[in-house]
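First comes the structure, then the notes that go with it.
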Amino acid sequence: MKRVQLWAVEEGGQESAIRAVPVTEVADTETERRLENLLVSAPKSLLDGITLIGRQFRTAGGPVDLLGVDQEGRLVVLELKRGTLTREAVAQILDYASDLSAMEDDQFARLIEQYSGRGGVDEIEDFSDWYNREFPNADSLLSEPPRMVLVGVGADATSMRVVDFLAKAGIDIQLLTFHAFRSDGKLMLARQVETAAPARRAGSSSQTKQGNRKELLELAEGVGSKALLLEVADFLENRMECYRWPGKTAFSFSLQGQTDEGKPSLHSYATLRVDRNRKGTLILSFHPRAEAAAPEASEQFLQEVPSAQRRNSSWIALEVAIREATWPELRPALEQVVNAIVEGWRKGEALAESTTNGADPEQEPTP
């Protein structure tokens, strides 16, 4: 490990004082042993905007330490290594990524549903539904090769040379290294990006959108809910003035938001899913951000609609079953909660914009 010294700058008086902070470098073995648990509990220390979906995920080449999805909806393979990263580690993560890339979407979804919910990673019961809801403007997860991120405590010259070569050739691979220190009984981690990942190639999602819509309508027609699906979907889209994206089992409804870096991004607020097991039935799910936008209206909706229920899930706040016979009486209550969600979203966007522009959110607007 490279020797790293930390310095503290003490502000005060006419001049700033600079002094060395005493720290103890933590051995590679101990760092690697604790690093994975720490990164699972705080995945943003790895990559901004990443959502973890699997841990010790089985592939033909062996178990992948961590699997995630970045904020653009792309699969990320993360491999953690004890000590210095070597070319053997590069070969290993290429093996993992090639096996995942060769999977069919349905096969990958079944594996995530089977192995998620372990080791501190949230459970995903229906991966297709979750992905379409969280990334409504993205293609399918495996439509392009996964990103690869090798994490270790330092990297040797060979691994850096190989990764730089692959990155220049258009392969999305990156090296991250962590240095661990102790000071005053606390463990501190310093992250260093050894190589830069190449820019993502732009592509069109029109073919995926058309294919998804075709499969969705065929599914709905097969269980007798196609007409109801289109009617309710039009109702939601018109009242939310949102972006509607077809998945293979559901429509998702998204409103404009921002990423952690302040870039514009679509955020899903509701999902309308075809119930495969109950003929003529749809499931409308509101996501946690929708309830956060209109908490009082959401609670009132739960009280007024007997079929509505709260879900103990990271992805779904509340949901309601919709059938052709119950749809007319459900519409007024649904319209009220949807209007409240949109109003809450508008207020939230206005607050975010004023904060970004440097305005004081507590200050009253100037007349």
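The values are calculated or read from the model by the stated rules, or taken from the named source; none is laboratory data. All values reported here derive from a predicted model rather than from experimental measurement. Cβ sites come from the backbone with ideal geometry, for glycine too, and all protein chains shown count toward neighbours. These area figures cover heavy atoms from the full protein model, side chains too; ligands, DNA and RNA do not enter into them. Shrake-Rupley method; radii C 1.70, N 1.55, O 1.52, S 1.80 Å.
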(message) Quick check on residue 104: is it open to solvent by 20 Å² or more (accessible area, probe 1.4 Å), farther than 29 Å from residue 177 by Cα and either in contact with an Asp or Glu (Cβ under 8 Å, 6 or more places away or on another chain) or of a type in the set (Ser, Thr, Tyr) (or both)?
(response) no
(message) Quick check on residue 320: is it assigned to a strand (DSSP E or B), under 30 Å from residue 53 (Cβ atoms), modelled with pLDDT of 95 or more and aliphatic (A, V, I, L, M)?
(response) yes
(message) Can you pull out every residue in the range 168-181 that is closer than 16 Å to residue 47 by Cβ and at pLDDT 85 or above?
(response) 172, 173, 174, 175
(request) Six or more apart or on different chains, Cβ under 7 Å: which pairs go from a residue in the range 118-132 that's basic (Lys, Arg) to one that's open to solvent by less than 70 Å² (accessible area, probe 1.4 Å)? Could you list them? (result) 118/55
(message) Yes or no: the range 59-82 includes at least one residue that is part of a strand (DSSP E or B), more than 19 Å from the chain's Cα centre (by Cα) and free of Cβ contacts under 8 Å to residues at least 12 places away in the same chain.
(response) yes
(message) Looking at residue 238 and the list (1) under 20 Å from the mean Cα position of the chain (by Cα); (2) within 21 Å of residue 338 (Cα to Cα), which single condition is not satisfied?
(response) (1)
(message) For the range 279-337, give me each residue that is basic (Lys, Arg), within 22 Å of residue 254 (Cα to Cα) and crowded, with 16+ Cβ neighbours inside 10 Å.
(response) 289
(request) Give the residue, chosen from 56, 107, that is of a type in the set (S, T, N, Q), in a helix (DSSP H, G or I) and at pLDDT 80 or above. (result) 107
(message) Would you confirm whether or not the range 278-290 contains a residue that is free of Cβ contacts under 8 Å to residues at least 60 places away in the same chain, on the phi > 0 side of the Ramachandran plot and outside any helix (DSSP H, G or I)?
(response) yes
(message) Can you find, within the range 107-139, the residue that is farthest from residue 250 (Cα to Cα) among those that are small (Gly, Ala, Ser) and crowded, with 21+ Cβ neighbours inside 10 Å?
(response) 116
(message) Contact list please: Cβ distance under 6 Å, first residue in the range 312-333 and of a type in the set (Ser, Thr, Tyr), second residue loosely packed, with under 15 Cβ neighbours inside 10 Å, pairs at least six apart or on different chains.
(response) 314/122
(message) Condition first: small (Gly, Ala, Ser), more than 16 Å from residue 72 (Cβ to Cβ) and open to solvent by less than 50 Å² (accessible area, probe 1.4 Å). Now tell me which residues in the range 38-58 satisfy that.
(response) 42, 45, 54
